[in-house]
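Asker: What follows is a single structure, and I will ask about it in a moment.
The values are calculated or read from the model by the stated rules, or taken from the named source; none is laboratory data. Computed from a predicted structure; not experimentally measured. Here Cβ is always computed from backbone atoms with ideal geometry, including for glycine, and neighbour counts include all displayed protein chains. To get the accessible areas, we keep the full protein, side chains included, count just its heavy atoms, and leave off ligands, DNA and RNA. Shrake-Rupley method; radii C 1.70, N 1.55, O 1.52, S 1.80 Å.
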Amino acid sequence: MKRLQHGVSLIEVLVAVIVFSVGLLGLAALQLNAIRFNEGASVRGHAVFLAGEMADRIRARPETADLADYALAFCTDQCQPELTDHAEWLNHLRAQLPSGNGAVTVEGQKVTVTIRWSEERLKGSEAQAISVVTRI
């Protein structure tokens with residue numbers, strides 16, 4: 001009977017190693033997804049902050065500035081907006097968000113700030129956007 005059990009312990013060890021390896025691969029995949037989702041949440045948080053920043057810039061505009069002057073369409077990289085607030089805000093968008101871009105629409109006292117960015121490098125959908133609507 002002892003002759004039949006010589007290879008059994010080796011098979012048990014191999015099965016244990018395979019189970020352990022599959023568990024480690026699962027943990028590695030879990031860690032990678034956690035890092036990716038955390039980065040996506042961080043970028044989304046920056047976008048919300050930057051939308052609020054533009055709304056605050058509009059609220060703090062000089063008394064002589066017309067609200068309609070703060071309207072801004074989505075720009076390409078060569079776009080040079082006339083207002084300093086727009087130029088600084090677009091520079092912040094491009095520095096803090098991957099492929100960051102923004103627009104501001106003004107309808108009476110209602111201002112909509114829209115920000116777009118890409119999550120392609122995080123293997124998410126390419127285009128992400130957030131809009132903040134405020135009344136000035």
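Asker: Go through (1) at pLDDT 90 or above; (2) open to solvent by 50 Å² or more (accessible area, probe 1.4 Å); (3) out of contact with any Ser or Thr (no Cβ under 7 Å at 6 or more places or on another chain) one by one and return the number of the condition Leu50 breaks.
Answerer: The one condition Leu50 does not meet is (2).
Asker: Between Thr112, Thr76, Thr64, which is β-branched (Val, Ile, Thr) and in a strand (DSSP E or B)?
Answerer: Thr112
Asker: Let me ask another. Residue by residue through the stretch 55-65, note down the ones that are loosely packed, with under 15 Cβ neighbours inside 10 Å and either modelled with pLDDT of 90 or more or within 12 Å of Ile136 (Cα to Cα) (or both).
Answerer: Across the stretch 55-65, the qualifying residues are Asp56, Arg59, Ala60.
Asker: Oh, and also: Give me the pairs: first residue in the stretch 47-76 and without any contact (Cβ under 8 Å) to a residue 24 or more places away in the chain, second residue in a loop (DSSP other than H, G, I, E, B) and surrounded by 13 or more Cβ atoms within 10 Å (Cβ to Cβ), beta-carbon distance under 8 Å, and six or more apart or on different chains, which are they?
Answerer: Taking only residues 6 or more apart or on different chains, the pairs are Asp69/Leu83.
Asker: Also, quick follow-up: State whether the residues of the stretch 97-105 include one that is among the β-branched types (Val, Ile, Thr), open to solvent by 50 Å² or more (accessible area, probe 1.4 Å), out of contact with any Gly (no Cβ under 7 Å at 6 or more places or on another chain) and assigned to a helix (DSSP H, G or I).
Answerer: no
Asker: Going by the conditions given, is Ser42 open to solvent by 90 Å² or more (accessible area, probe 1.4 Å) and polar (S, T, N, Q)?
Answerer: So Ser42 does not fit the description; no.
Asker: Quick one: how many residues across the stretch 79-94 are surrounded by 10 or more Cβ atoms within 10 Å (Cβ to Cβ) and either modelled with pLDDT of 85 or more or in a helix (DSSP H, G or I) (or both)?
Answerer: Looking only at that region, the number is 10.
Asker: Can you pull out every residue in the stretch 81-129 that is on the phi < 0 side of the Ramachandran plot and among the basic types (Lys, Arg)?
Answerer: Answer for the stretch 81-129, where residues must be on the phi < 0 side of the Ramachandran plot and among the basic types (Lys, Arg): Arg94, Lys110, Arg116, Arg121.
Asker: Working carefully through the options Leu14, Leu32, find the one that is without any contact (Cβ under 8 Å) to a residue 24 or more places away in the chain and within 28 Å of Ser118 (Cα to Cα).
Answerer: So the residue among Leu14, Leu32 that is without any contact (Cβ under 8 Å) to a residue 24 or more places away in the chain and within 28 Å of Ser118 (Cα to Cα) is Leu32.
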